[in-house]
Amino acid sequence: MNYKIVRLNTAAKKEIEHSVLIIYTGGTLGMAYDASGALVPFNFGQILEKVPNLTNMNISITVISFPEPIDSSNINLQHWVDMAYIIYENYDTYDGFVVLHGTDTMAYSASMLSFMLQGLNKPVIFTGAQLPISEMRSDARENLMTSLEIAISKSDGKPIVPEVCIFFNHMLLRGNRSKKVQSVHFDAFESENYPPLAESGIIIDYNYPAIRTFEPGKQLKYMNQLNNQVVVLKLFPGITKKVIESFIKIKGLKGIVLETYGSGNSPSEPWFLKLMERAVATGLIIFNVSQCNGGRVIQGRYQTSRDLKRIGVLSGGDITTEAAITKLMFLLANETLESEIKRKLITPMAGEMSDLSN
C-alpha cells in the first residue's frame, strides 16, 4: 500500500525528547475546507499552521496516511490488519502511537487492535473529532494535542498508559470498553462498565489503578488472522422464527453475538430455545451480550437466561457488543479447538471484560 508519509519536528530549536507516530485513516479530524468550500483531506504538512501549540511539545511527529482517507463506516478487516502492521513495524522507533479515525466505528477498531497487538507495552491512542480541524469551534485540536501528550507520557521511564485507548472530549477510555453514544455532541464516547483511565483539565489526571500494568520484557506479537463469518443478532419484541432461522442458516457462519435484554434475558418460547439449542449443537458459538450500555449478562439470574446457559450459550458478562464481535472474529481465526475459543471468549484477554470467575 502506498502510504503518504510526513515528518515534522515540533522543536526545531531544541533537542527532541519524544517521538510519536500518527496514523491517519480518515475521519472528520483530518478534513478541511478547500477554496470552493468543499471538505477535502487535510494536508498534514501544514498541521503546525492549524495547531501552532504543537511547537511547545518538543517532539518529532511522523504522519502515515492511508492512500485514500476512509469513511469509518467503510472500515473492514484489511484496514485493521494495516493499522496493526504499521504499529508493529514501527514499534521500536516511537514512544507512542496516535490513530486518527472516524468516530462511527472507532470503538470497533480500538477493540480489535487490543486483541491483535498482544504484548503491547506502549500507548496506542485513537482519537477523532466531531468537527473538522479547520472549523473555529472544532474539538480536533484539543483531542489531538492531548492524545499526543498521553502518547509520550511516562513515569519512571515507563509509559503511563501501555494499552489501546480512545481519547475524546477530555476523557481517556479503555478502547475495548468504549462505545459511541452521541452523534451531535462532543462527548461522543462512554465506558459504562469501566472507569475512565484519565481526565484532562488543567492537568491530565490519571486513574492509575484502572490502567493496565506495564510488563517489562514483554514482546509485541502481531496477530493478523481474522475471521468475519459472524453476525450480531439483536433481539426485539415480536422477532419471528423465520428471522432467527435465517441467521443460523447462513452458509459458513461460525459465531453469533446475541444481543439480549437486560442481564441476558431472551424469549422463553419453545421455538426460540430449540433454534438456539440446534445452533449450538451444530457448532455455532453463541455469545450473549446485553443491549444495555451498562450492567452485565448474568445467565441464570432469571429463568429465560437460565435456559440459555443450559443450552450452551456463553455469557459475555459486561463486554460491549463492539468488543464481543471483534474478539469473536479474532479467536475464530487464531484458535482451532472449539473448546479453546469458548474458554477464551469468557476470559479477559485485554481488559475487555471483568473476570467472570470472580
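So here's what we get for this one:
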quantity: Residue of Ala324, Ala151, Ala333 that the Gaussian network model of the chain assigns the largest fluctuation, springs spanning Cα pairs under 10 Å; calculated: Ala333
quantity: Global form of the range 4-222, assessed from the alpha-carbon gyration tensor, a/c cut-off 1.5; calculated: rounded
quantity: Residues with amide H under 5 Å from that of Ala198, placed H, sequence gap 5 or more; calculated: Leu172, Asn207
quantity: Unsatisfied cross-links (Cα-Cα over 31 Å) in the set Lys4/Lys344; Lys4/Lys180; Lys154/Lys342; Lys221/Lys241; calculated: Lys4/Lys344; Lys154/Lys342; Lys221/Lys241
quantity: Percentage relative contact order, the chain, counting C-alpha pairs under 8 Å, at least six apart; calculated: 14 percent
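None of the figures in this text is laboratory data; all of them are computed from the coordinates on show. As the structure is a computational prediction, the values presented were derived from the model and not from experiment.
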